[in-house]
Amino acid sequence: MNCRHCGTLLQHTFLDLGSAPPSNAYLSKEALTRPELYFPLKIQVCVHCWLVQTEDCAAADALFTAGYAYFSSTSSGWLAHAKRYADKMISELGLTCASQVIEVASNDGYLLKNFVAAAVPCLGIEPTDSTADAAEKLGIPVLRKFFGEDLGKQLAVEGKQADLIVGNNVYAHVPDINDFTKGLKAALKPSGTITLEFPHLTRLIEQAQFDTVYHEHFSYLSLYTVSRTFEAAGLRVWNAEELPTHGGSLRVYGCHADDTRDTHQSVDVLLKEEANRGLQRLQTYLQFQPRADKIKDDLLAFLIEQKRQGKTVAAYGAAAKGNTLLNYAGVKPDLLPFVCDAAKAKQGQFMPGSHIPILPPERLLEVIPDYVVILPWNIAEEVKAQCAELVKAGTKFVTAVPELSIS
Ligand SMILES: [Zn+2]
């Protein structure tokens, strides 16, 4: 396979997690009697542009599109993050009723509703019907399409170029990163601004967040690589900042290459930091697999030990990253009998691969397990705060990443 950005032949594996079902392919009870589709989950690194990317797997498209629709508005922390962002951009860019904002992957309108409230014209681009329906109910116009160069050019022809194009947690999920970036270029007004947020590769490597790897996540991005993908499309990263969201994200600000804005010194600072952390050294990538394996081994050893001692264990949070971890570790209901999740759409379903049943959080209070494994470690503190009664009853909480931790 060749690099999706620069075309260099890929010869180095960053991480090989064997085979797994798509991490959002939750199963109904009836589906448990049918065969389940597994795809190889292997991540490669390009030694030319350092794009970390999934290996292509055949016939995957159909299954991914049938996946569970995530509604961004279910997380209160994320809603607050979106509101702060909208306020900042409206004030810094001086957006008014004469401006145009476009959000790619606008989901259920969690972000654009803030621009609607401020009377700034906006347009959402979102191919998933259920979330697009929710956004339209909030008064947000939605184009139900996938974004790329063709759509960017079409928007330009229709006079809908934007002062601000937003893409939150979409850049790492697009299969053709070059086509998507050319679309950004085409849909941007001459003096317009692009902001993209994505999990930062530096944090993934540093915190051994191998469970954030899944099939639908095509790229794992650094500022260095994004600067290159922007440059190749005639764009420029002029500012960048680190955010605490999703275990450590980057927000990059882009503009046309010939824009008069100076490049902020934060870009240089972050590029240097990435270089110092070895993000342009092959050795850094080759050292990752053993760290993922240790996390897997430690979790498995812990679960087996509790089973032998007759202790009760449950999990909290039927998140995609939990599926990556449990499937790589080969954990099944004999070691982890159930997982609780507050999302009603997931309750009564089963985790893909592991077939662990998903139950409402109230179940924890009936069982009072000795241990609760929090699968989405990024919200561990939030979960513990919600489970004050369990803490009082003596339940201990466990997270597996970056290392097994019991508190
Ligand atoms: Zn490359």
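No lab work stands behind these numbers, since they all come straight from the coordinates. Fair warning: this is a prediction, and the values are worked out from it, not measured in the lab. Note that each Cβ is placed from the backbone with ideal geometry, even for glycine, and that neighbours are counted across all protein chains shown.
Results, tabulated for the structure shown:
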quantity	calculated
Prolate/oblate/rounded call for region 287-407, Cα gyration tensor, a/c under 1.5 rounded	rounded
Radius ratio Rg over Rh of region 258-304, counting only Cα atoms, Kirkwood formula for Rh	1.34
Helical mean residue ellipticity (222 nm; -39500 (n - 2.57) per DSSP H run of 4+; nearest 500) of the chain	-10000 deg cm²/dmol
Debye log10 I(q)/I(0) for the chain, one point scatterer per Cα, at q = 0.08 Å⁻¹	-0.45
Length-normalised contact order of region 43-162 in % [C-alpha pairs under 8 Å, at least 6 apart]	19 percent
Share, in percent, of DSSP beta bridges within the chain that are antiparallel, nearest 5	50 percent
Ordering of 159-168, 244-253 by packing [mean C-beta count within 10 Å, highest first]	159-168, 244-253
Beta bridges per DSSP with both ends in region 326-407, % antiparallel, nearest 5	40 percent
Glu382-Leu32 FRET efficiency (beta carbon distance; Förster radius 25 Å; 0.05 resolution)	0.25
Backbone HN-Hα couplings from phi across region 395-401 [Karplus 6.51/-1.76/1.60, Hz, Gly and Pro as x]	5, 9, 10, 10, 10, 9, 10
Anchor Lys384: lysines whose Cα lies under 30 Å away (excluding residues fewer than 8 positions away in-chain)	Lys29, Lys83, Lys294, Lys296, Lys307, Lys311, Lys321, Lys332, Lys344, Lys346, Lys392, Lys396
Full-extension gain in nm, Leu138 to Gln287, via 0.36 nm per residue minus C-alpha separation	48.9 nm
Calculated on alpha-carbon atoms, Rg and Dmax of region 1-144 in Å	19.7, 57
In region 147-283, lysine pairs closer than 24 Å at Cα, eight or more apart or cross-chain	6
Added length on full extension, which subtracts the Cα-Cα distance from 0.36 nm per residue, Lys307 to Ile406	34.0 nm
Added length on full extension, which subtracts the Cα-Cα distance from 0.36 nm per residue, Thr96 to Ala393	101.6 nm
Ratio Rg/Rh, restricted to region 222-305 and using Cα atoms, in which Rh is the Kirkwood radius	1.16
